[in-house]
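Just below is one structure, and these are the notes that go with it.
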Amino acid sequence: MTIIEKIFTRACGKPVRPDMYVWAGLDLVAMRDFGGPNVVQEFKDNFGDAPVFDNRKVAITFDLHIPPRDEKVARNQQILRMFAKEKGIRLFDVNTGVGQHILMENGLVRPWDIVIGTDSHMNLLGAIGAAGFGMGTTDIAGALYKGKLWFKVPHTIKIVINGILKYPVTAKDVILYILKNLTTSGALNRAIEFTGEAVKMMNLSERITLTSMVTEMSGDIGFIEPDETVFEFLRSHKVENIEPISADEDAEYEKVYEFDITSLRPQIACPHSPDNVVDVSEVAGRKIDQVFIGSCTNGRFEDLKIAARILEGKKVNDNVRLIIVPSTMEVAQMAEEAGLYKIFLKSGAVVVNPGCSLCTTGHPGILAPGEVMVSTSNRNFIGKLGKGAEVYLASPATAAASAVRGVITSPMEFWS
Amino acid sequence: MEFENIKRGRVWRFGDDIDTDQIYPGKYLPLTDKTEMAKHAMEGTDRGEEFLKNVKTGDIIVAGKNFGCGSSREHAAIAIKGAGVSLVIAESFARIFHRNCVNTALLTFELKEAKEINDGDIIEVNIDTGEVKNLTQNKVYKAEPVSELEKKIINAGGLLNYLKST
């Protein structure tokens, strides 16, 4: 069996195969300041004052508009605070960060777990061997009530990544290159297992980058078999009784792709699709107005460290705004202790409090018509960050190099 | 409410990658009344006006790959059902849209040969066996039948009703 088949087999108590419909118990139901208030409304409309199925298995995270930017958002967050208090649910307020990262850092997610949430990138939890699924209002409301949901067991695609990652080429360049090959529908309704020597050598930040962008390939979930790298993170975040999970030797994969990244150059996704990917050198020199370093895909400490290595002792170009957003408060504290804030502030960057930040409109830092941004986030759909604006997706290294030069720049030029 | 196991209807053909903004444009998201929502089903597609003017109860939507991709709005499934469409056939569905269809009690079928069916064809679908008969072209196809699990949820009138009753 593949990893997802094993998880569903255990969760529903009978052997599963791809395409089977099953009911599975949930280990964690999460909602956030986006979508959460609708869930509360639907829950109340349908189940009145009923308790949630198990308040220890429910969490609310605020990460989209934090602190609230207007009265409507403030009201939405108030609704969730009241609901949390009423039901005894743990709530992570505006001083925490990106939801999925917060769940991991608080020991709420383990290998084997099935986790759902109102976020299309819940699947990045596959980086630690948990099955994360983004869901709509009705699903989450029903899950809060019953603690179980139906699933269609997906087929699994195996992606083998061989070779050794050589900085400043990063996991982001790898996943963009894979997206270029598989396209935005290449993993439709599929689970992915990433494996190979390059993956085994990746730290957790890099694994999160890889698995988060399975969403952009229309995949359900991307797994990396958890190993000591993950176990060490979990243990240091108060997770006990960690159970390893791996695919069986004779697991059946629908397809197997192999990539060799030995000679991979920095990659960039051009407007307006995450699979519109070219070598950075092909669009180098394009003038930019803003750079964003952060998001659930590239907001971890190691991501910020790569950016800092390029920004140290340099200034952000006069014609560019650089916005840096650590994914969580824990990451921000690590960055502060490592001296990264000093480097960022001296370079002229705007450093924002942890959260999702520039993933969608409605957040400070939105672009004006005709403006161009290099972003370390995961989506560059037309209009998503401002009408008439253009977004390029790249690694923290490419983003930092571009911020210094004021034009799209390969980080190779800065690396020694 | 048990559904009849044979559905017959006129086909409305749509292409690949019809996203939820085409099925139900974002500007109508504030609507909460299902009858009002139904007045905008498929409105964002290139034949939205024609569809809304002529769609009849029992009609069937047949589409290409990745039907319902894009946002997770449940309005898309609710509007299609509200417009009278009895079921949707597609080469493939986006995961969240498929979930929303089941959860709001709209039948869906995946059919590899969906593209062989033409606009205006009359087809007959057997819910239990997944057999799709194209009466116009005199062809027969086999889609995956609706699973027992989906049937139970759809018969209950959607996910929340089902969970309340179990």
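The values are calculated or read from the model by the stated rules, or taken from the named source; none is laboratory data. Here the structure is a predicted model, which means the values were calculated and not measured. With ideal geometry, Cβ positions are generated from the backbone for all residues, glycine too; neighbour counts draw on all protein chains shown.
Scanning the range A:179-214 for residues that are within 14 Å of another protein chain (Cβ to nearest Cβ) and assigned to a helix (DSSP H, G or I) yields a single hit, A:Leu182.
Scanning the range B:146-166 for residues that are in a loop (DSSP other than H, G, I, E, B) and within 11 Å of chain A (Cβ to nearest Cβ) turns up B:Val146, B:Ser147, B:Gly158, B:Thr166.
Answer yes or no: is there a residue in the range B:26-46 that is of a type outside the set (A, V, I, L, M, F, W, C) and either under 19 Å from A:Leu188 (Cα atoms) or touching a Ser or Thr at 6+ places or on another chain (Cβ under 6 Å) (or both). First the steps, then the outcome.
Going through the range B:26-46, the residues of a type outside the set (A, V, I, L, M, F, W, C) turn out to be B:26-28, B:30, B:32-36, B:39-40, B:43-46.
Now drop any that are not either under 19 Å from A:Leu188 (Cα atoms) or touching a Ser or Thr at 6+ places or on another chain (Cβ under 6 Å) (or both), which leaves none.
Checked the range B:26-46: no residue is of a type outside the set (A, V, I, L, M, F, W, C) and either under 19 Å from A:Leu188 (Cα atoms) or touching a Ser or Thr at 6+ places or on another chain (Cβ under 6 Å) (or both).
Taking (1) within 25 Å of A:Glu216 (Cα to Cα); (2) polar (S, T, N, Q); (3) within 11 Å of another protein chain (Cβ to nearest Cβ) in turn, B:Thr32 satisfies each apart from (1).
Taken over the range A:351-363, the criterion of being within 21 Å of A:Ser120 (Cα to Cα) and either crowded, with 17+ Cβ neighbours inside 10 Å or not small (Gly, Ala, Ser) (or both) is satisfied by A:Pro354, A:Gly355, A:Cys356, A:Ser357, A:Leu358, A:Cys359, A:Thr360, A:Thr361, A:His363.
Checking the stated criteria, A:Leu165 turns out not to satisfy the condition of being surrounded by 22 or more Cβ atoms within 10 Å (Cβ to Cβ) and either in contact (Cβ under 8 Å) with a residue 24 or more places away in the chain or in a strand (DSSP E or B) (or both).
Can you tell me which residue is surrounded by the fewest Cβ atoms within 10 Å (Cβ to Cβ) among those in the range B:119-147 that are polar (S, T, N, Q) and more than 26 Å from B:Leu159 (Cα to Cα)? Spell out how you get there, then give the answer.
Residues of the range B:119-147 that are polar (S, T, N, Q), as a first pass: B:126, B:129, B:134, B:136-138, B:147.
If we keep only those that are more than 26 Å from B:Leu159 (Cα to Cα) as well, we get B:134, B:136-138.
Details: B:Asn134: 19, B:Thr136: 14, B:Gln137: 13, B:Asn138: 7.
If we take residues in the range B:119-147 being polar (S, T, N, Q) and more than 26 Å from B:Leu159 (Cα to Cα), then B:Asn138 is surrounded by the fewest Cβ atoms within 10 Å (Cβ to Cβ).
Pick from A:Ala307, A:Ala284: which is at negative phi, within 25 Å of the chain's Cα centre (by Cα) and aliphatic (A, V, I, L, M)?
Details: A:Ala284 fails: within 25 Å of the chain's Cα centre (by Cα).
Every option except A:Ala307 fails the conditions.
Would you check if A:Thr61 is modelled with pLDDT under 95, crowded, with 21+ Cβ neighbours inside 10 Å, out of contact with any Asp or Glu (no Cβ under 7 Å at 6 or more places or on another chain) and closer than 23 Å to A:Pro354 by Cβ? First the steps, then the outcome.
Details: modelled with pLDDT under 95: no; crowded, with 21+ Cβ neighbours inside 10 Å: yes; out of contact with any Asp or Glu (no Cβ under 7 Å at 6 or more places or on another chain): yes; closer than 23 Å to A:Pro354 by Cβ: yes.
In short, no.
Looking across the range A:111-154, the residues that are in contact with a strand residue (DSSP E or B) (Cβ under 7 Å, 6 or more places away or on another chain), within 11 Å of chain B (Cβ to nearest Cβ) and in a helix (DSSP H, G or I) come down to A:Asn123, A:Thr137, A:Asp139, A:Ile140, A:Gly142, A:Ala143, A:Leu144.
Surrounded by 16 or more Cβ atoms within 10 Å (Cβ to Cβ), outside any strand (DSSP E or B) and within 8 Å of chain A (Cβ to nearest Cβ): is that true of B:Ile96 in this structure? Steps first, answer last, please.
On the way: surrounded by 16 or more Cβ atoms within 10 Å (Cβ to Cβ): yes; outside any strand (DSSP E or B): yes; within 8 Å of chain A (Cβ to nearest Cβ): yes.
Yes, satisfied.
Within the range A:350-367, the set of residues being in contact (Cβ under 8 Å) with a residue 40 or more places away in the chain and either out of contact with any strand residue (DSSP E or B) (no Cβ under 7 Å at 6 or more places or on another chain) or at positive phi (or both) comprises A:Asn353, A:Gly355, A:Cys356, A:Ser357, A:Cys359, A:Thr360, A:Gly362, A:His363, A:Pro364, A:Gly365.
Of all residue pairs spaced 6 or more apart or on separate chains, those with beta-carbon atoms under 6 Å, a first member in the range A:296-311 that is in the same structural domain as A:Pro396 (by TED's automatic domain parsing) and a second member that is assigned to a helix (DSSP H, G or I) and at pLDDT below 95 are A:Ile310/A:Phe414. Going residue by residue through the range B:21-36, is there one that turns out to be out of contact with any helix residue (DSSP H, G or I) (no Cβ under 7 Å at 6 or more places or on another chain), in contact (Cβ under 8 Å) with a residue 24 or more places away in the chain, farther than 18 Å from B:Val55 by Cβ and outside any helix (DSSP H, G or I)? No: the range B:21-36 contains no residue that is out of contact with any helix residue (DSSP H, G or I) (no Cβ under 7 Å at 6 or more places or on another chain), in contact (Cβ under 8 Å) with a residue 24 or more places away in the chain, farther than 18 Å from B:Val55 by Cβ and outside any helix (DSSP H, G or I).
Restricting B:Val140, B:Val132, B:Val85, B:Val102 to those that are in a loop (DSSP other than H, G, I, E, B), β-branched (Val, Ile, Thr) and at negative phi reduces the list to B:Val85.
Is the range B:111-123 home to any residue that is of a type in the set (S, T, N, Q), over 30 Å from A:Ile116 (Cβ atoms) and part of a loop (DSSP other than H, G, I, E, B)?
For the range B:111-123, residues of a type in the set (S, T, N, Q), over 30 Å from A:Ile116 (Cβ atoms) and part of a loop (DSSP other than H, G, I, E, B): present.
Restricted to the range A:316-338, and to residues there that are surrounded by fewer than 17 Cβ atoms within 10 Å (Cβ to Cβ) and touching a residue at least 24 places away in the same chain (Cβ under 8 Å), the residue that is farthest from A:Gly285 (Cα to Cα) is A:Ala338. Only one entry of B:Glu116, B:Glu110 meets the criterion of being surrounded by fewer than 19 Cβ atoms within 10 Å (Cβ to Cβ), within 11 Å of chain A (Cβ to nearest Cβ) and at pLDDT 95 or above, and that entry is B:Glu110.
Applying the condition of being part of a loop (DSSP other than H, G, I, E, B) and in contact (Cβ under 8 Å) with a residue 12 or more places away in the chain to the range A:227-240 and asking which residue is farthest from A:Val109 (Cα to Cα) yields A:Asp227. The residues of the range A:390-416 that are at pLDDT below 95 and either within 21 Å of A:Leu345 (Cα to Cα) or part of a loop (DSSP other than H, G, I, E, B) (or both), listed by number, are A:Phe414, A:Trp415, A:Ser416.
Taking the conditions (1) at pLDDT below 95; (2) more than 14 Å from chain B (Cβ to nearest Cβ) in turn, A:Ser218 satisfies each one other than (2). With respect to the conditions (1) of a type in the set (A, V, I, L, M); (2) under 17 Å from A:Tyr257 (Cα atoms); (3) within 18 Å of the chain's Cα centre (by Cα), A:Leu182 falls short on a single one, namely (3).
Starting from residues that are at the interface with chain A (Cβ under 8 Å from one of its Cβ atoms) and touching a helix residue (DSSP H, G or I) at 6+ places or on another chain (Cβ under 8 Å), keep the ones in the range B:59-72 and report whichever is modelled with the lowest pLDDT.
To start, the set of residues in the range B:59-72 that are at the interface with chain A (Cβ under 8 Å from one of its Cβ atoms) comprises B:65-66, B:69, B:72.
Then keep just the ones that are touching a helix residue (DSSP H, G or I) at 6+ places or on another chain (Cβ under 8 Å); that gives B:69, B:72.
Details: B:Cys69: 90, B:Ser72: 79.
If we take residues in the range B:59-72 being at the interface with chain A (Cβ under 8 Å from one of its Cβ atoms) and touching a helix residue (DSSP H, G or I) at 6+ places or on another chain (Cβ under 8 Å), then B:Ser72 is modelled with the lowest pLDDT.
Taking the numbered list (1) farther than 21 Å from A:Asp139 by Cα; (2) more than 11 Å from chain A (Cβ to nearest Cβ) in turn, B:Asp16 passes all entries but (2).
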